[in-house]
Amino acid sequence: MVARGNAVAMKQVDYLVIGAGIAGLSAAARLARHGDTLVCEAEDAPGVHSSGRSAAFAHFDMDAWLVRALTAASIPLFEAPGAQPHPALFVALAGQEEALDRLEVNYREWAPHVRRLSVAGAQELVPVLREGDGGIVGALLDLQARKLDAHAMLEAHRKALVAAGGSVAAKAPVTALRHDGGRWIVDTPGASYAARVVVNAAGAWADTVAQMGGIAPLGITPLRRTVITFDVPIDVTGWPFTKTVGPGFYIEPEGSGRLLASPMDEGESAPCDAQPEEEDVALAAWRVEEATTLAVPRLASKWAGLRSFAPDRLPVAGFDRAAPGFFWLAGQGGFGLQTSPAMALAVEALVAGSPWPEDLRAVGVTPEMLAVERLHAGSE
């Protein structure tokens, strides 16, 4: 703020984005092409919570058609060093055969190159996979999946934002939010801002931010996911990202002798700086040991992150009909990194009023699929 005598002048911006995770920062980088854009981030750096704690892989193993379509639109838009080709292997445990069949059908819509593998074929790629009791019964291989670098992606968007004249205010949690009839007034500990449009990209805190402004929450639910890393006595650099098609685990090489693993848990949580629960850590190790010949005697590291879901588990991008100038960008559900290029295009079109992107038209995604109204339809 700039003081003029006894008066205080708020900084005026066109677009104020709350949250510098991948969703908020990628959207802000595009909005900055259309007007003065500011990102308010509660932490001291972008992506501290969900984005910086993701396994960060782009693939098509998700139930929702919309998320698969957004992923398909995003993959051609990824740039190095934020994304690098890396194979993904999807394995079925006993009882998951139908899930593997369904995945193959869903996958071929977007990636017809995917290949079905026998157990032996999967073991050629990941020799530790177990066959028989507790082991795998089949697999699907995508050689053109993408390994994503969350920090590189976040930094690329930050640089693009700044190059377009925008900025990030770190250590700037929103403490109050109100509409004065013309603009949104956003208070932070160090400054207040007046914005024509507020983009609520606060992740697990999205409903909390909305309620500050007197806006009804959407029911955004944060669910905790646990990750461990451990050392193994072999070179795993060339292994694919490996994931069960149903409940189980995923593993991903982190270096010549280290693996990352998750039990794909979804523990209920309040919005917070998530920490791993010991039972989930133990579950991650047990599931890996059950389906492979690996032992997890001790951990190199462990952490947890929050994946936030709308009630229908689909992403939301749209203006709130009851709050002029308030835009929801929420509910990425753990797929925020892999859908961020397409979602940023959608936000740019919806907020700045530019034409609906051809990249989204080509995959059949419409504004209505992302709109807030779909969550209110059942209550009317």
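Quick rundown of the values:
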item	result
Residue that is most open to solvent (accessible area, probe 1.4 Å), among those in segment 275-314 that are within 25 Å of the chain's Cα centre (by Cα) and polar (S, T, N, Q)	275
Positions within segment 120-139 being open to solvent by less than 60 Å² (accessible area, probe 1.4 Å), at pLDDT 95 or above and part of a loop (DSSP other than H, G, I, E, B), in sequence order	126, 128
Any chance residue 70 is part of a strand (DSSP E or B) and more than 23 Å from residue 166 (Cα to Cα)	no
Count of residues meeting criterion [among the aromatic types (Phe, Trp, Tyr) and open to solvent by 10 Å² or more (accessible area, probe 1.4 Å)] in segment 101-114	1
Meets criteria (under 18 Å from the mean Cα position of the chain (by Cα), part of a loop (DSSP other than H, G, I, E, B), surrounded by 22 or more Cβ atoms within 10 Å (Cβ to Cβ) and in contact (Cβ under 8 Å) with a residue 40 or more places away in the chain) for residue 24	no
Condition met for residue 364 (on the phi > 0 side of the Ramachandran plot, modelled with pLDDT of 95 or more and assigned to a loop (DSSP other than H, G, I, E, B))	yes
Subset of segment 73-100 (residues that are assigned to a helix (DSSP H, G or I) and surrounded by fewer than 23 Cβ atoms within 10 Å (Cβ to Cβ))	75, 76, 77, 97, 98, 99, 100
Residue count, segment 287-303 (criterion: in a helix (DSSP H, G or I), touching a Phe, Trp or Tyr at 6+ places or on another chain (Cβ under 9 Å) and either farther than 22 Å from residue 54 by Cβ or touching a residue at least 60 places away in the same chain (Cβ under 8 Å) (or both))	2
Extreme residue, nearest to residue 97 (Cα to Cα), among residues of segment 232-262 that are among the acidic types (Asp, Glu) and under 24 Å from the mean Cα position of the chain (by Cα)	252
Residue satisfying condition, being out of contact with any helix residue (DSSP H, G or I) (no Cβ under 9 Å at 6 or more places or on another chain), farther than 18 Å from residue 122 by Cβ and polar (S, T, N, Q), within set 269, 256, 262	256
Residue list for segment 156-177, restricted to those being free of Cβ contacts under 8 Å to residues at least 60 places away in the same chain and either buried (at least 18 other Cβ atoms within 10 Å of the Cβ) or among the acidic types (Asp, Glu) (or both)	177
When residues of segment 140-193 are limited to those that are assigned to a loop (DSSP other than H, G, I, E, B) and among the polar types (S, T, N, Q), the one farthest from residue 326 (Cα to Cα)	144
Hits in segment 326-356 - residues which are buried (at least 18 other Cβ atoms within 10 Å of the Cβ) and not hydrophobic (A, V, I, L, M, F, W, C)	331, 332, 333, 334, 336, 338, 339, 340, 341, 348
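The values are calculated or read from the model by the stated rules, or taken from the named source; none is laboratory data. Only a predicted model underlies this, so the values are computations on that prediction, with no experimental measurement involved. Note that we place each Cβ from the backbone using ideal geometry, even for glycine, and neighbour counts take in every protein chain shown. To get the accessible areas, we keep the full protein, side chains included, count just its heavy atoms, and leave off ligands, DNA and RNA. Shrake-Rupley method; radii C 1.70, N 1.55, O 1.52, S 1.80 Å.
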